[in-house]
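Okay, so here's the structure we're looking at.
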Amino acid sequence: MKKNNKQTILTKNQELIVEIEDLGSEGEGIGKVDGYPLFIKDALVGDVVRVLVMKAKKNYGYARVVEIITSSPYRVTPACDIARKCGGCQLQHCSYEQQLVYKQNKIINCLKRIGGFEDISIEPIMGMDEPYYYRNKAQFPVGRSKTSEIVTGFYASRSHNIIDTTNCAIQAKENKEILELVKEYMEECQIEPYNEETHEGLVRHILTRVGFVTGEIMVCLVLNGKSLPKAELLVERLKNIKGMTSITININTDKTNRILGDKIQILWGQGYITDYIGEVKYQISPLSFYQVNPVQTRKLYETALEYADLKEGQIVWDLYCGIGTISLFLAKKAAKVYGVEIVPQAIEDAKCNARINQITNAEFFVGAAEEVLPEQYKKSNGTMAADVIVVDPPRKGCEETLLETIVSMTPKRIVYVSCDPATLARDLKYLCGHGYELKRVRGCDMFPMSFHVETIALLSLVK
Ligand code: SAH
């Protein structure tokens with residue numbers, strides 16, 4: 001056979017040795033074999049690894065680590081011994097300092113490559129002092145192991161196999177005791193965990209939430225049924241945990257991957273917990289959306305407030321407002337805040353949160369931002385004013401029709417909060433092509449140990 005020198009062709013199950021040169025967008029190592037990139041999970045820049053090729057496509061392939069020959073200087077022992085199997089974290093094997101470097105570079109690269117911003121200087125990423133035990137919300141699936149024990153923990157990467165653990169390094173520490181008590185109660189009262197394949201069994205998930213400021217705790221059992229037998233025995237144990245405020249069941253009898261159903265019943269205490277971000281108080285039910293890392297959320301919102309630089313009498317639009325978290329933060333400084341959000345329940349929560357904080361200058365609209373804003377603007381014959389517009393869209397970023405309306409409203413400043421630097425860069429490029437100038441950019445690490453990074457950007461109207 002004639003050898004083709006130009007193109008390296010690897011085959012499945014081939015073993016080879018590569019050096020990792022870079023990390024991809026989902027935290028996977030990238031090594032090159034004569035220019036052919038291999039994506040390798042759990043590998044780090046500086047590692048020399050022996051890998052097994054799993055999949056070889058025309059221009060790139062996937063491989064898995066068989067042996068680490070030379071260890072990267074950034075490699076650390078993961079806090080969880082199940083880190084590699086678990087689908088939750090992708091970067092526990094990387095030092096936290098280096099995780100931040102990776103995230104900072106990710107933002108810079110997107111701004112350059114996608115946004116065409118060549119010499120933008122970005123501010124240092126906001127990391128956590130204590131990057132573990134930071135999540136205030138957990139949803140643990142419940143099932144049976146092969147040896148028939150009740151297990152609860154997390155799904156393995158890209159699967160629905162439950163990895164049994166009550167001790168997760170990024171979840172609130174209180175969960176361990178809660179999970180153990182629920183398991184104990186289920187064993188004693190012979191309560192069957194849910195089986196996804198047969199759609200039989202009762203307990204599907206255990207949802208917990210902890211108010212990090214108030215110390216209030218919520219436990220909600222998601223059931224494939226309408227009631228929990230001998231619930232009083234469970235309540236009796238759980239209510240002794242310090243901070244326990246709300247014990248509920250959620251009814252979800254559908255054959256679905258969706259975790260929660262629509263109905264909640266209180267077993268003990270209230271149907272919600274309260275917590276604070278800065279000075280703003282929030283009521284959180286099992287169904288409400290709430291940021292999962294309150295420590296970093298506060299930093300992010302404070303940066304948003306700083307970037308917005310509100311002056312007396314100014315009007316703000318907060319698009320993709322969720323439960324109004326940013327809106328209420330801004331309302332204290334603004335004359336009027338308008339929030340727009342597509343999920344009706346979130347707007348109900350936003351209104352309730354405004355009420356309990358005695359905030360009367362916030363108004364909320366249910367609907368798609370790209371429909372509500374243009375409609376309102378048209379209705380006002382182009383007179384509707386905004387001094388500052390904040391957007392915090394999901395990963396796919398903003399629709400161009402929304403950006404068009406924003407630009408025609410000529411706000412003095414636009415604050416863009418983003419959970420995906422690629423779509424952020426795309427949208428910033430549009431805005432900078434339509435009368436705006438990129439002034440400041442800063443990353444915020446909302447999800448240590450994962451590949452995700454949140455970014456906040458400030459644009460100002462060019463005079
Ligand atoms: N700013 C909020 C939530 C941001 S998450 C906070 O900080 O808590 C993004 C939000 O956008 C979600 O609440 C989602 O429901 C909402 N959303 C998604 N698509 C939307 C659209 N087209 N118009 C308005 N809101 C949308």
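The values are calculated or read from the model by the stated rules, or taken from the named source; none is laboratory data. What you see is a predicted model, and the numbers here were worked out from it, not measured in a lab. Neighbour counts are summed over all protein chains in view; Cβ atoms, including those assigned to glycine, are modelled from backbone coordinates with ideal geometry. Note: areas computed on protein heavy atoms with side chains; ligands, DNA, RNA excluded. Shrake-Rupley method; radii C 1.70, N 1.55, O 1.52, S 1.80 Å.
Filtering segment 411-432 to residues that are in a helix (DSSP H, G or I) and either open to solvent by 30 Å² or more (accessible area, probe 1.4 Å) or within 16 Å of the ligand (Cβ to nearest atom) (or both) leaves PRO421, ALA422, THR423, LEU424, ARG426, ASP427, LYS429, TYR430, CYS432. Residues that are in contact with an Asp or Glu (Cβ under 9 Å, 6 or more places away or on another chain) and open to solvent by 10 Å² or more (accessible area, probe 1.4 Å) were ranked within segment 433-449; the one that is farthest from GLU118 (Cα to Cα) is PHE447. Kindly check whether there is at least one residue in segment 263-279 that is within 15 Å of the ligand (Cβ to nearest atom), touching an Asp or Glu at 6+ places or on another chain (Cβ under 9 Å) and not basic (Lys, Arg). Within segment 263-279, one or more residues are within 15 Å of the ligand (Cβ to nearest atom), touching an Asp or Glu at 6+ places or on another chain (Cβ under 9 Å) and not basic (Lys, Arg).
Give segment 197-212 a look and list any residue that's over 12 Å from PHE140 (Cα atoms) and buried (at least 17 other Cβ atoms within 10 Å of the Cβ), or say none. Matches in segment 197-212: GLY201, LEU202, VAL210, GLY211, PHE212. Residues in segment 136-152 that are touching a residue at least 40 places away in the same chain (Cβ under 8 Å) and either in a loop (DSSP other than H, G, I, E, B) or within 16 Å of ALA79 (Cα to Cα) (or both): ASN136 alone.
Taking GLU404, is it modelled with pLDDT of 95 or more, under 20 Å from GLU371 (Cα atoms) and over 18 Å from the mean Cα position of the chain (by Cα)?
It is true that GLU404 is modelled with pLDDT of 95 or more, under 20 Å from GLU371 (Cα atoms) and over 18 Å from the mean Cα position of the chain (by Cα).
Being within 16 Å of the ligand (Cβ to nearest atom) and either open to solvent by 40 Å² or more (accessible area, probe 1.4 Å) or without any contact (Cβ under 8 Å) to a residue 12 or more places away in the chain (or both) is a description that applies to GLU404.
Selection within segment 213-234: residues that are among the hydrophobic types (A, V, I, L, M, F, W, C) and assigned to a loop (DSSP other than H, G, I, E, B). The member of this set that is farthest from HIS199 (Cα to Cα) is VAL213.
Of the residues LEU111, LEU100, LEU181, the single one that is at pLDDT 95 or above and either hydroxyl-bearing (Ser, Thr, Tyr) or more than 30 Å from TYR307 (Cα to Cα) (or both) is LEU181.
For segment 245-273, the set of residues classified as assigned to a strand (DSSP E or B) and open to solvent by 20 Å² or more (accessible area, probe 1.4 Å) consists of THR245, ILE251, LYS263, ILE264, GLN265, ILE266, LEU267, TRP268, GLY269, listed by residue number. Looking only at residues that are at pLDDT below 95 and of a type outside the set (A, V, I, L, M, F, W, C) in segment 282-293, which one is surrounded by the fewest Cβ atoms within 10 Å (Cβ to Cβ)? Per the criteria, the residue is GLN283.
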